[in-house]
Amino acid sequence: MKSLFTSLLVITITIQAGYAQLKVKEHVWPAASPTTNIPDTLTDNDAVMVHMQHDIKNNLDLSAGKIYNIESIRIRVKIYTQIGLEEYSICSINKGKYSSITKFDARTIKQDGRIVDLTSSEIKILEIKEDSERDGYENVRISIPGVEIGDEIEIIYAIENEGFITGRDVHLYTDIPTLKSVFSYTTDNSVVTDFRMYNDLPDPVIKRAMNDAVFTWTLTNLEGLGDQYSSDFTETLPFIRFAVRKVIVNGRPLEGLAKWGILNNDWAEIYDNYANVYTNVNFLDSYKGVSYNGYMKKFRAANANLTTDQLVEKLVNYINDSLEIVSTSDEFTSKSAMYYINTKKIDEKNIHNLIKNYLSENNIKFYIVFARDRVEGKMDIAFASGNMITDVFYASQDTAGNVRFIYPSNTSKKYHLDELPYRILGTEAIMVSRKTNNSLKTDVNKIRIPGYEANINTRTTMVNIKVNLAGGESTFKSKNTFNGSFSNRYRNYVLNALEEDDKNKSLAENFDINEAYKIDTFSVEKNENVFPYGFGFNYQGKVTIGMQKIDNTTYSIPLVGLVDHFKLRTNDNNRILNYHCPFKYIDTYKVYLQFDKSVELLENNLEELWVFNAIGNYMVSVKNVNDKILLVESKLDLRKDKLKPEEYRVLYNTNENINKTSQARILFKTL
């Protein structure tokens with residue numbers, strides 16, 4: 001999970017890139033309270049959040065024909081250390097094209113009570129650059145000048161967007177201790193909003209007026225979360241989930257709002273909405289005199305003897321083996337199915353159409369499955385909301401009654417039958433089936449998507465290095481095998497590299513290969529489309545292994561670079577929330593060091609090291625295979641995919657052991 005302070009500032013705004021400062025109306029601050037008396041138990045923090053106010057307002061101006069929302073943040077932070085100063089005197093904001101900042105201001109309350117009220121011209125934009133993770137967004141870094149350790153800084157900003165904020169999960173914690181945190185939601189009385197409170201969050205205080213209503217939640221004395229990377233705050237923290245359900249004008253609900261994400265608490269309606277999102281009215285049209293219905297009629301006749309299982313397998317294999325998935329454009333996305341089949345190119349939107357129509361044409365009952373990334377939060381079948389959904393895919397039943405999953409392939413990844421992104425494995429999902437769109441009969445089921453054990457998610461790396469004792473580069477050959485989620489994670493990097501002009505450069509950049517290895521050639525040796533999706537590839541070239549000559553017969557080689565385990569990110573902090581690992585796994589290395597002379601391994605701390613703990617184990621050893629070969633073996637085994645805070649500390653210590661071991665050197669002599 002991102003830094004909470006940073007997350008609060010990640011709001012869509014519009015600032016012209018040429019501006020050296022913000023061009024907004026000055027904020028009129030209320031009289032400042034004196035510096036805050038912080039409890040002694042909190043003064044050893046880098047900073048303390050004195051007050052945080054987060055407001056969302058949905059507005060419907062019928063007279064102007066305008067629907068818009070305003071989201072604002074006001075914080076007051078006490079700075080205690082240089083780290084706190086660096087963190088909270090610079091704001092990082094993501095901006096989009098179609099939003100506008102209507103307010104941004106800051107002031108500082110000095111330790112002696114003086115108030116420094118900055119003008120917008122004094123609040124400097126440090127940098128504007130494209131957001132690397134989202135197209136159409138830029139990151140803006142803004143500096144608040146003049147802040148010193150011991151000061152309290154107040155920041156306020158407001159962002160206006162067209163349309164409603166149709167739903168969201170909101171919690172009141174920040175990354176630092178917070179004395180008081182307030183969230184308010186204001187809505188026009190014609191906008192019907194549904195709320196759920198979770199994890200013992202109290203009901204809101206409600207103030208109703210003639211035209212609108214304000215719902216306010218307040219929590220006090222909250223502990224700081226720190227860096228809760230890869231955590232789901234909905235598991236344990238109190239939070240609000242809201243969704244706009246209706247807009248009522250002149251006593252009647254407006255129609256046609258589903259395309260804007262305004263939906264009833266009804267999974268059938270969400271099913272219809274997602275089905276409509278992918279609709280292509282030209283999909284069944286003819287191309288070069290052949291219609292899709294006619295094509296499928298011949299297909300059914302030619303494959304009349306295939307079982308349901310085989311028909312589904314045939315569809316997924318066809319997509320992966322015969323179609324190139326390209327980026328969507330307005331023109332390309334409205335072609336007919338036969339155009340895509342003939343050109344062997346299709347976009348992501350029409351992959352959905354192809355799957356749905358193929359299953360329907362072959363009378364295969366299917367479900368649309370709605371799932372959520374395990375880090376994003378939990379699904380709630382009693383609160384149907386598109387805002388919970390991160391993944392949409394398909395399921396059917398085979399002849400034995402087992403559920404088979406079809407995850408739509410995309411421009412970056414192709415998925416085999418039953419293969420799903422590892423971030424949704426083990427989570428609860430909602431399966432919805434309707435005979436036809438808008439039909440009365442709806443089949444809604446909650447399922448738990450199966451997860452994989454560690455012995456399914458395996459990576460095995462075998463390297464043979466012909467060591468050049470004279471120094472300089474050595475030659476190597478590497479054989480790599482992946483199964484389960486490792487295959488899902490890395491397979492497409494390799495396959496995509498095969499399509500690039502500079503294949504080896506692409507592989508080295510995207511596969512995260514140690515830069516010491518210079519690849520000459522590589523090839524795919526195995527690509528299985530059935531569970532556990534075994535994938536293997538080999539590469540070879542030259543490598544600099546950092547060997548040092550100590551005297552005429554004695555040498556050392558660093559372990560780092562020979563073994564590079566798939567380690568999970570950890571940092572030493574007081575973790576509050578559970579840590580969600582990508583997946584359980586077993587990562588094994590075998591590195592053979594071949595010499596043209598007889599060698600003998602000298603006594604060193606890598607003879608054999610084992611670390612066992614509650615989450616798995618780590619092993620490394622070095623031994624003579626024969627008089628000219630040394631074997632380095634290392635194995636990292638993670639047996640849990642969700643760690644409690646105390647187990648996270650064990651993971652941290654395991655990583656520290658690995659880091660320490662990787663700095664050791666293999667000591668040997670020639671005979």
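The values are calculated or read from the model by the stated rules, or taken from the named source; none is laboratory data. Treat the numbers as computed from the prediction; the structure is a model and nothing was measured. Virtual Cβ from ideal backbone geometry, glycine too; neighbours counted across all protein chains shown. All accessible areas refer to the heavy atoms of the entire protein, side chains included, with ligands and DNA or RNA removed. Shrake-Rupley method; radii C 1.70, N 1.55, O 1.52, S 1.80 Å.
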All positions within region 361-374 that are in contact with a strand residue (DSSP E or B) (Cβ under 8 Å, 6 or more places away or on another chain) and surrounded by fewer than 19 Cβ atoms within 10 Å (Cβ to Cβ): Ile364, Lys365, Asp373
Val494 vs. criteria within 30 Å of Phe370 (Cβ to Cβ), of a type in the set (Val, Ile, Thr) and under 29 Å from the mean Cα position of the chain (by Cα): no
Residue that is farthest from Leu222 (Cα to Cα) [pool: residues in region 174-202 that are open to solvent by 30 Å² or more (accessible area, probe 1.4 Å) and in a loop (DSSP other than H, G, I, E, B)]: Asn189
Condition broken by Ile165, with the remaining ones in (1) free of Cβ contacts under 8 Å to residues at least 60 places away in the same chain; (2) outside any strand (DSSP E or B); (3) under 26 Å from the mean Cα position of the chain (by Cα) satisfied: (1)
Residue in region 236-252 that is basic (Lys, Arg), in contact with a Pro (Cβ under 6 Å, 6 or more places away or on another chain) and either crowded, with 20+ Cβ neighbours inside 10 Å or modelled with pLDDT under 95 (or both) present: yes
Filtered residue count, region 139-173, keeping only those that are under 29 Å from Asp212 (Cβ atoms) and either crowded, with 17+ Cβ neighbours inside 10 Å or not small (Gly, Ala, Ser) (or both): 19
Residue list for region 203-218, restricted to those being in a strand (DSSP E or B) and open to solvent by 30 Å² or more (accessible area, probe 1.4 Å): Val205, Ile206, Lys207, Arg208, Asp212, Val214, Thr216, Thr218
Extreme residue, farthest from Tyr367 (Cα to Cα), among residues of region 286-307 that are open to solvent by less than 70 Å² (accessible area, probe 1.4 Å) and in a loop (DSSP other than H, G, I, E, B): Ser291
Scan of region 109-138 for residues that are part of a strand (DSSP E or B), at pLDDT below 75 and open to solvent by 30 Å² or more (accessible area, probe 1.4 Å), ordered by number: Lys124, Leu126, Glu127, Ile128, Lys129, Glu130, Glu138
Evaluation of Arg575 against (1) touching a Phe, Trp or Tyr at 6+ places or on another chain (Cβ under 6 Å); (2) surrounded by fewer than 20 Cβ atoms within 10 Å (Cβ to Cβ); (3) at pLDDT below 90 (one fails), failing number: (2)
Yes/no for Ser360 being among the hydroxyl-bearing types (Ser, Thr, Tyr) and farther than 30 Å from Arg196 by Cβ: yes
Test: residue in region 432-454 that is open to solvent by less than 20 Å² (accessible area, probe 1.4 Å), assigned to a strand (DSSP E or B), aliphatic (A, V, I, L, M) and farther than 22 Å from Phe522 by Cβ: yes
Residue, least open to solvent (accessible area, probe 1.4 Å), within region 323-354, restricted to residues that are out of contact with any Ser or Thr (no Cβ under 8 Å at 6 or more places or on another chain) and in a strand (DSSP E or B): Ile346
